[in-house]
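Report on one structure; see the data block that follows.
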Amino acid sequence: MEPWGIAGDEKGRLLVTDRRSNDLLVLSHKGEIISSARKANENNKVLNEPTGLCWDSHTKSIFVADSGNHRVAVFDEKAKLKFSFGRKGAKNGEFSRPVGIASNGRGKLFVVQVDDARLQVFDTKGNFIQEKKATELGMDYLWDVTCMPSGGVGLSSALGGLTIYDESLKPKASLANRGIGRGNYLFTTGLAADGEGRVLACAKTQGKVMLLSPPSKRSPRGHVLTEILSTDGPDYGAVKPAMLASYGTISAKKQVKEQM
């Protein structure tokens, strides 16, 4: 397996894209496979190098950045393909390897791509609404997007950068700082926000995940609440991350057992 994107729904299920097997997996909270795109679509290869994904509670749909097919694929709760939109290109509504995707639960879908560094906004039927290039957003290469509970979105940059924008995509705040050490990052990839506005960011080159508080008057760039260090990352120390559960590999299962 090569898991890439992960999301959860209100039933507690986990939704995971597997880039190596070109599949979308629907898992129970215990890690049991409930369904998959291959199984639900009669073993047809409907995905090609899928990356980011998100769950939209309003339409009860799973939206997947189908990177290798240069489109967004939309599935139902059982991973059955409903429809797709987009094709390879640089025009509005077209894609060049989309990577990050997020739904605000209020009818808008945000898609970012690395190749030509831009953010596109759609409705949940795939109709194009708006486009912003990375340079217009004050960023370099874009990597992931998350929707903030108070409105607006957060964006991560492949070369470093975590910025929160309002509903009109105007920058509101930049989080943390680029650099080495606790609370800093070099190469940010995966991004998520919880219901309290706290931001989870993956600092890839340092092998860690950072949990950051939302910006405030007292702390305009937020502050690091905790960091989880990878067991094979360059910043890994003697203390193992506090892991509650792990699915998929023997080594990860062994690690969980050792911590119990």
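Simple spin-label estimate for R106 and I34 gives 2.7 nm between the two label positions (7 Å along the Cα-to-Cβ direction from each Cα).
In this rough spin-label picture, where each label sits 7 Å from Cα along the Cβ direction, the M1-H223 distance is 3.7 nm. Ignoring ligands, DNA and RNA, what percent of the 1.4 Å accessible area of the chain is carbon and sulfur? Exposed carbon and sulfur together represent 53 percent of the surface.
In this structure, the residue pairs whose Cα-Cα separation is over 19 Å, taken from K60/K132; K39/K80; K60/K88, are K60/K132; K60/K88. Stretching the chain fully between N41 and E136 yields a gain of 30.2 nm (0.36 nm per residue, less the alpha carbon separation). Applying 0.36 nm per residue to the separation of S216 and R20 and subtracting their alpha-carbon distance, the gain on full extension is 66.5 nm.
Solvent-accessible surface of the chain, taken per residue with a 1.4 Å probe and all protein chains present: 50 Å². Modelled this way, with points 7 Å down the Cα-to-C-beta line, the labels at D115 and T205 are 2.5 nm from one another. Which residue, chosen from V121, L225, G183, occupies the Cα position most advanced towards the positive end of the dipole of the chain, where the dipole is computed from +1 (Lys, Arg) and -1 (Asp, Glu) charges on Cβ about the Cα centre? Toward the positive end, the furthest listed residue is L225. Per-residue surface analysis assigns Y165 an accessible area of about 0 Å², computed on protein heavy atoms at 1.4 Å probe radius. Annotation: I6 carries an accessible surface of approximately 120 Å², with a 1.4 Å probe and no ligand, DNA or RNA atoms counted. Counting heavy atoms of the protein chains alone, F85 has an accessible area of about 20 Å² for a 1.4 Å probe. Restricting to the chain, compute how many DSSP beta bridges are antiparallel as a %, nearest 5. Taking every DSSP beta bridge within the chain, about 95 percent pair in antiparallel fashion. Calculated mean residue ellipticity at 222 nm for the chain: -1500 deg cm²/dmol, from DSSP H runs with n ≥ 4 weighted as -39500 (n - 2.57), summed, divided by the residue count and rounded to 500.
Sorting F128, F75 by accessible area puts them as F128, F75; the probe is 1.4 Å, largest comes first, and only protein heavy atoms count. Is the shape of the chain rounded, prolate or oblate, going by the alpha carbon gyration tensor and its root eigenvalues a ≥ b ≥ c, with a/c under 1.5 for rounded and a/b larger than b/c for prolate? Oblate shape, in that a/c is at least 1.5 and b/c is the bigger or equal ratio.
The values are calculated or read from the model by the stated rules, or taken from the named source; none is laboratory data. None of these values were measured; they are calculated from a predicted model. Don't worry about glycine lacking a Cβ; one is built from the backbone with ideal geometry, like all the others, and counts go over all protein chains shown. These area figures cover heavy atoms from the full protein model, side chains too; ligands, DNA and RNA do not enter into them. Shrake-Rupley method; radii C 1.70, N 1.55, O 1.52, S 1.80 Å.
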